[in-house]
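Worksheet: one structure, shown below.
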Amino acid sequence: MERNELCWCGSGKKYKKCHMPIEEKIMMHAERGEIVPTRKILKTPFQIEKIRKSAELNTAILDEVARQIHIGMSTQEIDDIVYRFTKEHGGIPAPLNYQGFPKSVCTSINNEICHGIPDENIILEEGDIINVDVSTILDGYFSDASRMFKMGKVSERAERIVRVTEECVKLGLEAAKPWDI
Ligand SMILES: [Zn+2]
């Protein structure tokens, strides 16, 4: 692709002002024999906007769970909230029927690390910590985020793992940056 042609990504900018610098960098790494991303996973501005919209809904679902989660409710009720809210806003819960997963959200309590399955017989109790992991498809674009909730007063150990995990997430997000070009 020529430097002054319009970029392949559809941004309307010239290639040299858009994806050329990143692709030159990728080529440099490829020449060194490294594994490099293909054009297919270099997202276009259009795709990034769609992912952003999906993620906005995903966050809104977590906010709705945050408003309603309480001691004494079942994890099935959390599933119902996620299913209803997602559908009302035009989305599809990504976990539902994914490789046979039967529910719309993952609810993992205490020593359950992840991918816990909501159940009407699992009731939130004082002292529980629960991770609610929401993934959403909106308009064909996926987003995924989870949030920890503490039920009432939790043990010092539980408090600590929630705090340290959050610190780790923040450090990870700070470290995850685009290549500087
Ligand atoms: Zn471009």
Does SER54 satisfy the condition of being in a loop (DSSP other than H, G, I, E, B) and either polar (S, T, N, Q) or surrounded by fewer than 14 Cβ atoms within 10 Å (Cβ to Cβ) (or both)?
-> no
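Having 2 or more residues that are among the aliphatic types (A, V, I, L, M) and surrounded by fewer than 18 Cβ atoms within 10 Å (Cβ to Cβ) is the bar; report the strands (runs of 3 or more DSSP E) wholly within segment 82-164 that clear it. Give the derivation first.
On the way: elements: 106-109, 129-138, 141-150.
In segment 82-164, the matching strands (runs of 3 or more DSSP E) lie at 141-150.
Return the only residue of ILE109, ILE69, ILE113 being touching a Phe, Trp or Tyr at 6+ places or on another chain (Cβ under 6 Å), more than 16 Å from the ligand (Cβ to nearest atom) and farther than 22 Å from ASP139 by Cβ. Let's see the steps before the verdict.
On the way: ILE109 fails: touching a Phe, Trp or Tyr at 6+ places or on another chain (Cβ under 6 Å); ILE113 fails: touching a Phe, Trp or Tyr at 6+ places or on another chain (Cβ under 6 Å).
Just one listed residue meets the conditions, ILE69.
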Can you run down the residue pairs with Cβ atoms below 6 Å, 6 or more apart or on separate chains, where the first is in segment 4-20 and within 14 Å of PRO45 (Cβ to Cβ) and open to solvent by 50 Å² or more (accessible area, probe 1.4 Å) and the partner is within 8 Å of the ligand (Cβ to nearest atom) and of a type outside the set (Phe, Trp, Tyr)?
-> GLY10/THR44; LYS13/CYS7
Sole exception among (1) within 9 Å of the ligand (Cβ to nearest atom); (2) within 30 Å of MET151 (Cβ to Cβ) for SER54, by number | (1)
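Within segment 69-81, how many residues turn out to be of a type in the set (Val, Ile, Thr), open to solvent by 10 Å² or more (accessible area, probe 1.4 Å) and in contact with a strand residue (DSSP E or B) (Cβ under 8 Å, 6 or more places away or on another chain)?
The total comes to 1.
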Can you name the residue in segment 13-49 that is under 29 Å from the mean Cα position of the chain (by Cα) and either farther than 21 Å from LYS177 by Cα or of a type in the set (Ser, Thr, Tyr) (or both) and, of all such residues, is nearest to the ligand (Cβ to nearest atom)?
-> THR44
Report, by residue number, each residue of segment 26-46 that is open to solvent by 50 Å² or more (accessible area, probe 1.4 Å), out of contact with any Ser or Thr (no Cβ under 7 Å at 6 or more places or on another chain) and in a helix (DSSP H, G or I).
-> MET27, MET28, GLU31, ARG39, LYS40, ILE41, PHE46
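Just the residues that are of a type in the set (Asp, Glu) and closer than 30 Å to ILE22 by Cα, please, taken from segment 124-181.
Filtering segment 124-181 down to residues of a type in the set (Asp, Glu) leaves 125-126, 128, 133, 139, 144, 156, 159, 166-167, 174, 180.
ASP139, ASP144, GLU174, ASP180 - these are the residues of segment 124-181 that are of a type in the set (Asp, Glu) and closer than 30 Å to ILE22 by Cα.
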GLU23 vs. criteria assigned to a helix (DSSP H, G or I), open to solvent by 30 Å² or more (accessible area, probe 1.4 Å) and of a type outside the set (Phe, Trp, Tyr) = no
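The values are calculated or read from the model by the stated rules, or taken from the named source; none is laboratory data. Predicted, not measured: the structure shown is a model, and the values here were computed from it. Cβ coordinates were reconstructed from backbone atoms using ideal geometry, including for glycine residues, and neighbour counts include every protein chain displayed. Keep in mind that these areas ignore ligands, DNA and RNA; they rest on the heavy atoms of the full protein, side chains included. Shrake-Rupley method; radii C 1.70, N 1.55, O 1.52, S 1.80 Å.
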